[in-house]
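To start, the structure under review is shown below, and the notes come after it.
The values are calculated or read from the model by the stated rules, or taken from the named source; none is laboratory data. Computed from a prediction, not measured in an experiment: that's the story for all the values here. No Cβ is skipped: glycine too gets one built from the backbone with ideal geometry, and neighbour counts run over all protein chains shown. In case anyone asks, the SASA skips ligands and DNA or RNA and just uses the protein heavy atoms, side chains included. Shrake-Rupley method; radii C 1.70, N 1.55, O 1.52, S 1.80 Å.
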Amino acid sequence: MDVRERHMRLLTETIEAVNSTLDLEEVLAQVATKVADALHADACFVYLYDERADELVLRATHGTSVEEMTHRPRMRPGEGITGSAAAARAPVAIPRQAHLDPRFKNFPNLPEDEYESILAVPILARGERLEGALNVRTRDPREFTDDEIDLLLVIAAQVAQSIEHAKLYSEAQRRVHELEALARISEAVSESLYLEESLEAIVKTTVDALSATGAALVLEDGKIAWPEGRADAHAIRQPLRWRGRQIGELVVDRASPFTQHDRELLASIAQQAAVALEHGRAVMRGVLAQEIHHRVKNNLQTVASLLRLQARADSGIDPQKALEDSVNRILAIAAVHELLTERRDDDVDLADLLGRLRATLVQGVADGRAVDEQLESLTLAGDRATALALVFSELLGNALEHGGSHVQVDLHRRNGEVVLAITDDGDGIAEDAPDGTGLSIVRALVRDELRGTLELTGDGGTRAEVRFPA
């Protein structure tokens, strides 16, 4: 087969290769192999031009494996022999000792200095737009003919068309991928009634859409919601904005740098995340408002019941004392609401609750009255905490009114039960003493609301001990 026939076959095969697939990596790999074989070259390197970075990046080789390189060789147009061909938009041919040429650029992981000759040509789209460059190398000195140079230029022009088509296809695929990701997020936001589910779907879709190693939503208070994966070399923080206000950040990590397309996609995802966050919070605010109204209604009914009990008490009750007792009961309920609001939770810290109530109840008590406390940190659901607050208020009020100079308050857990004990050093309670209104309220609350027991002992002072399941 003569040289011209071989060249024609190479050109035909190259055209078939570049038209056989829209996968750019596959096209470049085929071109590198076929060109090296047809020109009897020992190596062929294909570079693509990264316009944003203004760099030529090695993308395909014959003779050296790109996958084995720790870093892809990069050069600016004008750097190196191949970069010079790209910058000049013209071929560069060096028959021998190419590594001694002043334009030669050495890459530690690319042994180009073992080759004697080089023929480099630019890859130009429509004759002027730089898309990359390719070169062929031989280990022995070689003079490249005009026919070989022209052939490589024609092949480069075909590769340029393939690159343009592959870029268009890649862009279309990327847009489809982005739209699918946004559709999944939109679906998760619209269908889920639970904020946690929406946030989880957003984070997982973000990891998938951006080929990330990790992602997380960071809320206004610094709380991290649904962390996924792990941190990596490159990270990007995209603000979540709602009506001009930043309400959090979407943080994404991955091994490779983020492109402008990645940032645009992340901005779209962040907008969806902001909508999901505010939507979920609005739902939660509605649920919370209903719960608050429900609790307020129940507690107002409790207050009304306590006032009715006070009104039905036997004659002889001091009106001022009855009013003060009612005020203390209302304050006990208010203390529970205050803690629930501060914690934004459904549980109440009992040590905090009883400490606040003690401080309220001892106001106005005669000087010299000491109240010591040993309170273990325990939590209780809001409705049960309201009952315990009323019980504590009544028992401590009795101890302050009828006890001696010292009152001891203890709260701890024992054998799966919560134990509240209030002890004073007064004269003690008579065994056959009838229950007043306050003590009747205590017994009813302990029995019906706390499902526990109340024990009163009067030996050397009064000790009231309440036990109920924790």
Next item on the list: Please turn the phi angles of segment 385-402 into ³J(HN,Hα) values with the Karplus equation 6.51 cos²θ - 1.76 cosθ + 1.60 (θ = phi - 60°), one per residue in order, whole Hz, x for glycine and proline.
Entry: 5, 4, 4, 5, 4, 5, 4, 4, 4, 5, 5, 5, x, 5, 5, 5, 7, 10
Next item on the list: Report the calculated FRET efficiency for Ser211 and His40 (r = Cβ-Cβ distance, R0 = 41 Å), to the nearest 0.05.
Entry: 0.55
Margin query: Can you list residues from other chains, or at least 5 along the same chain, whose modelled amide H is less than 5 Å from the amide H of Thr213?
Written below: Asp253, Arg254, Ala255
Notebook entry, point to check: Could you give the alpha-carbon Rg of segment 42-131 over 2.2 N^0.38 Å, rounded to two decimals?
Noted result: 1.03
Notebook entry, point to check: Probe 1.4 Å, all protein chains in place: accessible area of Phe468 in Å², nearest 10?
Noted result: 0 Å²
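Given a Förster distance of 56 Å, report the FRET efficiency between Asp140 and Ser377 from their Cβ-Cβ distance, rounded to the nearest 0.05. List each step's numbers first, then the result.
Working: r = 84 Å, r/R0 = 1.49.
Calculated transfer efficiency: 0.10.
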Notebook entry, point to check: Using modelled amide H (1.01 Å from N, peptide plane; none on Pro or chain starts), what sits under 5 Å from the amide H of Ile123, excluding residues fewer than 5 places away?
Noted result: Glu131, Gly132, Ala133, Leu134
Item checked: Label point 7 Å beyond Cα of Asp427 along Cβ direction - residues of segment 440-460 with amide nitrogen under 19 Å -> 457-460
Notebook entry, point to check: What is the Cα centroid distance between segment 197-215 and segment 348-414, reported in whole angstrom?
Noted result: 49 Å
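With contacts defined as alpha carbon pairs under 8 Å and 6 or more residues apart, what's the relative contact order of segment 384-470 in percent? Present the calculation step by step, with values, prior to reporting the outcome.
Numbers: 157 pairs, mean separation 29.8, N = 87.
Rounded, it is 34 percent for segment 384-470.
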Check: Which cross-chain or sequence-distant (5 or more) residues have an amide H under 5 Å from the amide H of Arg139, H modelled 1.01 Å from N in plane?
Finding: Asp42, Glu116
Checklist line | Approximate spin-label separation Arg126-Ala370, in nm, with each point projected 7 Å along Cα-to-Cβ | finding: 9.5 nm
Note to self: Under the 0.36 nm per residue contour assumption, what length would be gained going from the current alpha-carbon distance of Glu16 and Arg237 to full extension?
What the structure shows: 75.1 nm
Item checked: Pairwise FRET efficiency - Arg245 versus Ala444, Cβ, R0 = 56 Å, nearest 0.05 -> 0.70
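Classify segment 106-165: rounded, prolate or oblate, from the alpha-carbon gyration tensor (a ≥ b ≥ c, eigenvalue square roots; a/c under 1.5 rounded; otherwise prolate if a/b is larger than b/c)?
Judged from the Cα gyration tensor, segment 106-165 comes out oblate (a/c at least 1.5, b/c at or above a/b).
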Item checked: Inter-label distance, nm, simple model (7 Å from Cα along the C-beta direction), Val57/Thr453 -> 7.6 nm
Notebook entry, point to check: If you plug each phi of segment 235-249 into the Karplus form 6.51 cos²θ - 1.76 cosθ + 1.60 with θ = phi - 60°, what whole-Hz ³J(HN,Hα) values come out, in order, with x for Gly and Pro?
Noted result: 9, 9, 10, 9, x, 9, 10, 9, 6, x, 10, 7, 10, x, 9
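Contour minus end-to-end for Lys223 and Gln363, with contour as 0.36 nm per residue of separation and end-to-end as the Cα-Cα distance? All intermediate terms of the calculation are to be shown ahead of the outcome.
Working: separation 140, 0.36 × 140 = 50.40 nm, distance 3.89 nm.
Fully extending the segment from Lys223 to Gln363 adds 46.5 nm.
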Next item on the list: Can you pull the one-decimal nm distance between simple spin-label points at Asp410 and His165, each 7 Å off the Cα toward Cβ?
Entry: 8.8 nm
Next item on the list: Kindly report the accessible area of segment 53-134 per residue (heavy atoms of protein chains, probe 1.4 Å, no ligands, DNA or RNA), in Å².
Entry: 47 Å²
